[in-house]
Amino acid sequence: NNLEIHKDLAEKEIFNFYRSWFNQHYPQKEFKDLLVHHIDKDKFNYDLSNLIIISPEQHKHLHANIQHKNWNSGIKALQSFNIKSPHILELGGESEDNPYAILGLNPGAPKDDIKRAYKELCQKNHPDKVNHLDKQFILLAERRMKKIIWAYEQLKKDF
């Protein structure tokens, strides 16, 4: 079921890394009550910068105002409803190029925490975990692993 795949994807890609942010912004919601929204309305674009978790009510209001495959249109619609996201700069978040954010850590985290987060994320996001799924999920896992490795390499320079 596509909705279940979307939810699983979002949980791995967004929710786990920004759990405290979502608890703050959606305190009465459980993850199962939220939806994954593709900012550009392209359901095959699984890039992290194109995914956001919103409530079904927000989704209903947003969907009609976004042009298909137009990320900027999606961002403008989200901004008009004052929807925030922790991983999208245009929505009040940090860039997904922040190595600490990619590893789910606070800036200045100790070396041991960096190593632990790196190992855990590699285990969760390795492309072999999704090799039985469609090609788009394999590509997503490969992109995610490259980001995780890049983030770790950036932080490792300071060891």
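In the range 135-151 there is at least one residue matching the filter, namely being modelled with pLDDT of 85 or more, farther than 17 Å from Tyr46 by Cα and touching a Pro at 6+ places or on another chain (Cβ under 9 Å). Screening Lys119, Lys60, Lys124 for residues that are under 26 Å from Asp40 (Cβ atoms) and not assigned by TED's automatic domain parsing to the domain that holds Gln24 leaves exactly one candidate, Lys124.
Among the residues making up the range 101-154, those that are of a type outside the set (A, V, I, L, M, F, W, C), within 21 Å of Phe22 (Cβ to Cβ) and within 17 Å of the chain's Cα centre (by Cα) are Gly104, Asn106, Glu120, Lys124, Asn125, Arg144, Lys147.
This table checks each residue for (1) in contact with a Cys (Cβ under 6 Å, 6 or more places away or on another chain); (2) of a type in the set (Phe, Trp, Tyr); (3) in the same structural domain as Tyr46 (by TED's automatic domain parsing).
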| residue | (1), (2), (3) |
| --- | --- |
| Gln67 | no, no, yes |
| Asn70 | no, no, yes |
| Lys76 | no, no, yes |
| Phe81 | no, yes, yes |
| Lys84 | no, no, yes |
| His87 | no, no, yes |
| Leu103 | no, no, no |
| Ala109 | no, no, no |
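Looking across the range 77-114, the residues that are closer than 19 Å to Leu48 by Cα, out of contact with any Lys or Arg (no Cβ under 7 Å at 6 or more places or on another chain) and assigned to a helix (DSSP H, G or I) come down to Ala77, Leu78, Gln79, Leu89, Glu90, Pro99, Tyr100, Ala101. In the range 56-72, the qualifying residues are those that are of a type in the set (S, T, N, Q), surrounded by fewer than 17 Cβ atoms within 10 Å (Cβ to Cβ) and under 19 Å from the mean Cα position of the chain (by Cα), and the one that is nearest to Gly92 (Cα to Cα) is Asn72.
Could you tell me how many of the residues in the range 40-55 are touching a residue at least 40 places away in the same chain (Cβ under 8 Å), of a type outside the set (D, E, K, R) and surrounded by 15 or more Cβ atoms within 10 Å (Cβ to Cβ)? The number of residues fulfilling the criteria is 5. Does Ala117 qualify as being assigned to a helix (DSSP H, G or I) and among the aliphatic types (A, V, I, L, M)? Yes.
The values are calculated or read from the model by the stated rules, or taken from the named source; none is laboratory data. This is a predicted model, so every value here is computed, not measured. Note that each Cβ is placed from the backbone with ideal geometry, even for glycine, and that neighbours are counted across all protein chains shown.
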